[in-house]
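Asker: Have a look at this one.
The values are calculated or read from the model by the stated rules, or taken from the named source; none is laboratory data. Model, not experiment: these values are computed from the prediction. For neighbour counting, all protein chains shown are included, and Cβ atoms are generated from backbone atoms with ideal geometry for every residue, glycine included.
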Amino acid sequence: MVFLVLVLAIGGLAMEGVQMIMPNGTRVVVAAEDIAVDVTDATERALPEDEGELKNLLNWAISHSDPEELKRQAASGASKEAVERRQQVQECLQAIKRMQEEPTEAELMIEAIEVLRNDTSDDAAKLGALQALQILLEPIDNANDLHKLGGIEVVANLLEDNCSDAVRAGAAFALGVAASSNEPFIVELQEHGGDDVMIHFVEIAEMDDTGAAAKGLYGMSKLMDSADQRGTFYGSGGLERMQGLLANASISDRIHRKISSLFGDLAMRGEEFVEQMGKLPEKGREIVRSLTQHLSQRDWDLSERAMHALHHIASAPGAQHAFEGSDVDKRLAQLEGEAKGENAGQSDSYLSDLQALAHNTRAKIQELVGGRASQHTEDGEL
């Protein structure tokens, strides 16, 4: 960009014929009648290799782009082309100055952290800073810089119950963004926040406010790649507490969806999840019942997540005890028929996928408990 600006500047001056002494002492002479001057060559000979000299050169270019001088030259009859060139130089230089004045993402992160650290900041200011961090922490490099800037402990402290629900939820969401597919960050968070982080996430997920609870569940789910964090989740009764929310018909289905997805992700770890279900009062049967009650045509999204969770549970060795006394087979058969009926004449790929998922989940459960799923699909329809 700097090279482009200087080329434009020298090109514009060459139209009138000038003698210039660059900041590094190089003399460049361009005759007015020599319109074919090699501006690039002249510039390359004049440009210094040293970065400090280059900054001096930029300052020189800025100082020789005075708007008043442009007006004077226009009034004195300077060629229209030369004046236009100088105006272009001025615009380019102003753009460079604006770019130089814009803060870096690291500087924005530091500013947000300072707002969160400041005891005089009210909730509105803290929420604004957390929202900014949610965006800034999306790139993994920025997320991994948070602890270098002293931000992990600052944000983790906002999870504590001496903060408002909104601030706690905002902190949980920001940490979840940073932890997404980012094991090094999760390790740093564990080191700086310890087991309290997951415990606070479980508390936030149980908040009455749906938006706050959803943020807590989001952050919680992003930490489950860590064996330490999963251990804290199970050890603090997190599995039973989330099952209680899933069984609660009075809370939003938005929360039911997130918990169903969480159980599906945990169940993909196979024996670990089965072992933890076995420690529950009903050995996991309450989880299967809660998931089964959400298999409904009224909310296909929730049904899909519940089916994925059931399929993963049924895929884990030793999980058959969780399906004892369950009517999940009957409910899946009904849901399969509902998906097929609603899709009649539509050829909706999503409903076709749901129909296949219901059928395959039934088959997986039947295989686990030692039976066979009835064939309710026509040829080519799975």
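Asker: For His359, state whether it is in a loop (DSSP other than H, G, I, E, B) and modelled with pLDDT of 95 or more.
Answerer: Details: in a loop (DSSP other than H, G, I, E, B): no; modelled with pLDDT of 95 or more: yes.
No; evaluated as a whole, the condition is false for this residue.
Asker: Right, another one. Has the range 139-147 got any residue that is more than 17 Å from the chain's Cα centre (by Cα) and not hydroxyl-bearing (Ser, Thr, Tyr)?
Answerer: So the first thing to find is which residues in the range 139-147 are more than 17 Å from the chain's Cα centre (by Cα), and the list is 147.
Within this subset, residues satisfying the condition of being not hydroxyl-bearing (Ser, Thr, Tyr) are 147.
Yes: one or more hits.
Asker: Oh, and also: Quick check, is Gly128 surrounded by fewer than 22 Cβ atoms within 10 Å (Cβ to Cβ) and within 14 Å of the chain's Cα centre (by Cα)? Spell out how you get there, then give the answer.
Answerer: Details: surrounded by fewer than 22 Cβ atoms within 10 Å (Cβ to Cβ): yes; within 14 Å of the chain's Cα centre (by Cα): no.
No.
Asker: Are any residues in the range 335-356 surrounded by fewer than 16 Cβ atoms within 10 Å (Cβ to Cβ) and in a helix (DSSP H, G or I), and if so, which ones? Spell out the reasoning first.
Answerer: Restricting attention to the range 335-356, the residues satisfying the condition of being surrounded by fewer than 16 Cβ atoms within 10 Å (Cβ to Cβ) are 337, 341-342, 344-350, 353, 356.
Those that are surrounded by fewer than 16 Cβ atoms within 10 Å (Cβ to Cβ) and in a helix (DSSP H, G or I): Gly337, Gly341, Glu342, Ser349, Tyr350, Asp353, Ala356.
Asker: Just to verify a result, which residue in the range 288-326, among those that are charged (D, E, K, R) and part of a helix (DSSP H, G or I), is nearest to Ile259 (Cα to Cα)? It would help to see each step written out before you state the result.
Answerer: To start, the set of residues in the range 288-326 that are charged (D, E, K, R) comprises 289, 298-299, 301, 304-305, 324.
If we keep only those that are part of a helix (DSSP H, G or I) as well, we get 289, 301, 304-305.
On the way: Arg289: 14, Asp301: 13, Glu304: 13, Arg305: 9 Å.
Applying the filter and picking the extreme gives Arg305.
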